[in-house]
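Accompanying notes for the structure given below.
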Amino acid sequence: MTMIEAIEAVLKANDPDGEPGYLGEFTLAGRLLSRGQIAVCGLDGGDHYTFDDVADGLHEVYLAYDWDDERGATVCAVALVAGATTAQALVEASWEEASDDVNQLSEDASAIYSSTPDNLAIGAALHRSAGFTQAEDPVAHAVAEFEAQQEAGSRTPLLDVVVDPASGANALVFPTCDFTASSILVGRDDNGTGVGIFWSNFDG
């Protein structure tokens, strides 16, 4: 079983209707270096929860991309898998719903991240990061980058930005619609160690 197959199996098993809870296909998008609590939030989003269930370290992030001929790529689910976790361990973990109707995404761009300097919101932290410092609006800058990547042939646009130079913590920025992640699953092994966090069921 691949990691993507394990993620799909967990999401389907934990959906009340036996559906996967997302559109599109998962791909390994990158790795998140976490230094503190982890969140998914729109670049101009408001309410969001942070999670400390997964230890600090380097974790794999999988994004489910859906494609629209007019809009292009949008992400419909986010899966963070803790470092060194195997696909089998992911499936065998105990999963519970952490919250619902939280984690506000943005109309055009959202991010998964942990540490930012001075506990800034992700949009403000990006504005102070390399590549974004000259941008008037972080969201507009991200959208322009996504469009350039798509024009170059990418169907999985993504930005990987260091948001805390002191610790090296980064943010993965991806295209979204104006949704909230209404299902957030946290998985733990038999010892209670966090093995992953999944955001899905994006609702308007």
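Run down SER110, SER94 and say which single residue is out of contact with any helix residue (DSSP H, G or I) (no Cβ under 9 Å at 6 or more places or on another chain), under 30 Å from ASP15 (Cα atoms) and of a type in the set (Ser, Thr, Tyr).
SER94
Which residue out of GLN134, GLN150 is over 28 Å from ALA98 (Cα atoms), in contact (Cβ under 8 Å) with a residue 60 or more places away in the chain and of a type in the set (S, T, N, Q)?
GLN150
What about VAL10, is it touching a Phe, Trp or Tyr at 6+ places or on another chain (Cβ under 7 Å), part of a strand (DSSP E or B), at pLDDT 90 or above and within 18 Å of GLU96 (Cα to Cα)?
no
Can you report the number of residues in segment 150-204 which are among the charged types (D, E, K, R), exposed (fewer than 15 other Cβ atoms within 10 Å of the Cβ) and closer than 24 Å to ALA87 by Cα?
So the count comes out to 1.
Which one of the conditions (1) touching a Phe, Trp or Tyr at 6+ places or on another chain (Cβ under 7 Å); (2) without any contact (Cβ under 8 Å) to a residue 12 or more places away in the chain does PRO157 fail to meet, given that it meets all the rest?
The number of the failed condition is (2).
Write out, first by first residue and then by second, each pair whose Cβ atoms fall under 7 Å of each other, whose residues are 6+ apart or on separate chains, and whose first residue, in segment 23-43, is closer than 15 Å to ILE197 by Cα while the second is among the polar types (S, T, N, Q) and assigned to a strand (DSSP E or B).
Cβ pairs passing all conditions: LEU32/ASN170; LEU33/ASN170; VAL40/ASN103; VAL40/SER110; CYS41/ASN103; CYS41/GLN104; CYS41/SER110.
If I filter segment 150-160 for residues that are over 22 Å from ASP68 (Cβ atoms) and part of a strand (DSSP E or B), do I get at least one hit?
For segment 150-160, residues over 22 Å from ASP68 (Cβ atoms) and part of a strand (DSSP E or B): present.
Name the single residue that is surrounded by the fewest Cβ atoms within 10 Å (Cβ to Cβ) among those in segment 13-26 being of a type in the set (Gly, Ala, Ser) and assigned to a loop (DSSP other than H, G, I, E, B).
My answer is GLY18.
Listed residues ALA29, ALA39; which is buried (at least 19 other Cβ atoms within 10 Å of the Cβ), under 18 Å from SER200 (Cβ atoms) and at pLDDT below 95? Steps first, answer last, please.
Details: ALA29 fails: at pLDDT below 95.
Of the residues listed, the single one that is buried (at least 19 other Cβ atoms within 10 Å of the Cβ), under 18 Å from SER200 (Cβ atoms) and at pLDDT below 95 is ALA39.
Out of (1) at pLDDT 95 or above; (2) of a type outside the set (Ser, Thr, Tyr); (3) assigned to a loop (DSSP other than H, G, I, E, B), what's the single condition that is false for ILE197?
(3)
Working only within segment 168-183, note down all residues that are more than 11 Å from the chain's Cα centre (by Cα) and over 15 Å from HIS59 (Cα atoms).
CYS177, ASP178, PHE179, THR180, SER182, SER183
The values are calculated or read from the model by the stated rules, or taken from the named source; none is laboratory data. Note that the structure is a prediction, hence the values are computed from the model and not measured. We place every Cβ from the backbone using ideal geometry, glycine too, and count neighbours over all the protein chains shown.
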